[in-house]
1. Is it fair to say residue 437 is assigned to a loop (DSSP other than H, G, I, E, B), under 19 Å from residue 243 (Cβ atoms), touching a strand residue (DSSP E or B) at 6+ places or on another chain (Cβ under 9 Å) and touching a residue at least 24 places away in the same chain (Cβ under 8 Å)?
2. Could you list all residues from region 191-207 that are in contact with a strand residue (DSSP E or B) (Cβ under 8 Å, 6 or more places away or on another chain) and either more than 22 Å from residue 144 (Cβ to Cβ) or outside any loop (DSSP other than H, G, I, E, B) (or both)?
3. Taking the conditions exactly as written (closer than 30 Å to residue 146 by Cβ, over 23 Å from the mean Cα position of the chain (by Cα) and either at pLDDT below 95 or surrounded by 22 or more Cβ atoms within 10 Å (Cβ to Cβ) (or both)), does residue 227 satisfy them or not?
4. Could you list, in sequence order, all residues of region 347-378 that are within 18 Å of residue 290 (Cα to Cα) and assigned to a loop (DSSP other than H, G, I, E, B)?
5. Condition first: assigned to a helix (DSSP H, G or I) and surrounded by fewer than 24 Cβ atoms within 10 Å (Cβ to Cβ). Now tell me which residues in region 31-46 satisfy that.
6. Does region 379-389 hold any residues that are outside any loop (DSSP other than H, G, I, E, B) and either at pLDDT below 95 or touching a strand residue (DSSP E or B) at 6+ places or on another chain (Cβ under 9 Å) (or both), and which are they?
7. Tell me, yes or no, whether region 182-189 has at least one residue that is under 25 Å from the mean Cα position of the chain (by Cα), more than 25 Å from residue 426 (Cβ to Cβ), modelled with pLDDT of 95 or more and not in a strand (DSSP E or B).
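The values are calculated or read from the model by the stated rules, or taken from the named source; none is laboratory data. Please read all numbers here as calculations on a predicted model, not as lab measurements. Don't worry about glycine lacking a Cβ; one is built from the backbone with ideal geometry, like all the others, and counts go over all protein chains shown.
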């Protein structure tokens, strides 16, 4: 055998081995994952929690243009505005902070991870403007809390930080849709934006000729004088529902009617109409793949939604001590006709957190699990804190790792959206990526699994639809049309 033949054979063997390795990492090896668990926390950007994670693209890599925030006239702010509480400066926080990101849990701010702190607005049109074509320099100008949008924590204090160090942290994972929780929960299950064609005019946002929210006459000319005032709404002018709208079924933020359900006779009641778009639940069921959506506080919220409206309702939606702080707009399947009260699919697939714990311990989890923590432990600012949610998810991961099903499991921990907090990395744009709906700002995502790469920072571009792509690929499902063509499918985070 001559040298050329030997070299050719060697190269052929190398190519075959490389191809086999790739197939094992992202293809055939996926069959070894029998259970996918998605934990969906709330309202934190990547830089806000993981801005100094070793090996990740963080705050140190941000350019001066991305850090320096602009005023409404396009000029750089001489310093950050106050932290606003309503239209007034909050005296709890220092004034005239430098125009740059700042650490919350350090002087001069001296905030803590275990305290309830302000919540920046996180809405569809505001998020689009804050990103400002990828410059990310209008987060302060288009916020309701002034300087607070630029705050971040020392994430190394979190328990999840250690899980990220042990397994895989994705540092280019973006929220699927611009804006807030309602819309990003829809994108988690359907990669779609539902419509409400009958929405009243008062519910619709008012836009200028460039598609931006119109400012109210009383809106300050500078954010240094107060937060921006806008003609916003939950519905786009053409009927797409982009901001929080209540579900058409109980439990809902709309009080129950006599006998339960939604009080449609009340003029103030205008829930989303029942949605009939295709979801990941539809494609999983069509393939015979078992699945469930587990939610903290679901059972008590169901009971509350069946109460006579003349009876004092429970505190499950309040911030009182002991309340789960249940959020109806965090329950996306409750908007869909297929999961209406009384249907078999509702009983089969929509469950409580206590059911999740029992299934973990017994080793009876379905093949695909979505888990939504109750508000008390979901990390949402203004009604809970980072530390409570961090501890909750840490305990849940510890319990999953002790489960009889752990050896064949993949857990994805991510956040629905950025919560209005600044992040410096521009969302992907262009064909196969950007569209009217997103992707929006970068959020933290951990992949925890016996098959996850260890101590790895995955720089593959992902968004919320990547979770759907991963589940679709693993179980051979019909693809949902809204999944973005160029978004990764998470398989680079695994090594079989």
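1. In short, yes.
2. Correct list: 193, 194, 195, 196, 199, 203, 204, 207.
3. Taking the combined requirement at face value, the residue satisfies it.
4. 363, 364, 365, 366, 367
5. Residues satisfying the conditions are 31, 32.
6. Listed by number, the list holds a single entry, 389.
7. yes
Conditions tested, residue by residue: (1) surrounded by 24 or more Cβ atoms within 10 Å (Cβ to Cβ); (2) under 18 Å from the mean Cα position of the chain (by Cα).
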| residue | (1), (2) |
| --- | --- |
| 399 | no, no |
| 417 | yes, yes |
| 422 | yes, yes |
| 430 | no, no |
| 434 | no, yes |
